[in-house]
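K.L.:
Below: one structure in structure tokens.
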Amino acid sequence: NIFMFQFDFFYRSCTELNYHLMRDKCNIRAVIFDKDNTLTAPYETATHPDAARGLENALDAFGKEFVAILSNSAGTKDDPGYEDAIKIERDMGIPVIRHDEKKPGGLQEVLEHFNLQDPSQLCMVGDRLLTDVVFGNLHGMLTVHTLPLCKGENNKKDNKIANVIRTAENKFLYSNWVGGRTIRDKTLRHKVWPGEKECPLIYVPTQDE
């Protein structure tokens, strides 16, 4: 289904998302983040400055036990002894979900991690349409698509294949052609969230921030 590419929200970074409102108005119980170019620079374990406030707000709204990373490298069979996952957890202070099947697979491990049964109570946040957004949409989650945090020289560590595919994905969806416009106009309905017009989830900083 080509409409699996269409997200519920698009933001420049995860910091623009109102996690408290998501919790209170959308019945979201937990947040799943992609890691590379969503929370950190590729293959780094320090939270990127543009994502730091978003991660902090998510933890404040949901608590550490209901915020986690779902990566297609760390925490998978490609991560011997889960060494990368352990380092990320130590450096970033949030869990990395162990899973055998890569996104858009891996739902069962995610539900077991959070001790939940209803995928609509999950929000998936990531910069990849084919993995993050499709994974969330396949299972009725709230989906948030973000721009990659790094570009140009700052993105030199990114997986070359992933970078090429991401560029193609975004061009396919965002270009001004009939297919892209059709997909953008078709937001898949979430079980609880009524829609962006009725319930915008953009975060508005206070004067003290």
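K.L.:
Measure off 7 Å from each Cα along the Cα-to-Cβ vector at Arg29 and Leu147, then give the distance between these two points in nanometres to one decimal.
P.N.:
According to this spin-label approximation, the distance is 3.5 nm.
K.L.:
Another one. What are the ³J(HN,Hα) values, in whole Hz, obtained from phi via the Karplus relation 6.51 cos²θ - 1.76 cosθ + 1.60 with θ = phi - 60°, for each residue of the stretch 33-42 in sequence order, with x given for Gly and Pro?
P.N.:
10, 5, 9, 5, 6, 10, 10, 9, 5, x
K.L.:
Would you please give the FRET efficiency between Ile202 and Asn115, computed as 1/(1 + (r/R0)^6) with r the Cβ-Cβ distance and R0 = 35 Å, to the nearest 0.05?
P.N.:
E(calc), rounded to 0.05, equals 0.75.
K.L.:
Which whole-number percent is the relative contact order of the stretch 48-95 (Cα, under 8 Å, 6+ apart)? Mind showing how you got there, number by number?
P.N.:
Working: 22 pairs, mean separation 14.0, N = 48.
Relative contact order here is 29 percent.
FYI, it's all coordinate maths here, none of it is from the lab. All values derive from a computational prediction rather than experimental measurement. Note: ideal-geometry Cβ built from the backbone for every residue, glycine included; neighbour counts use all protein chains shown.
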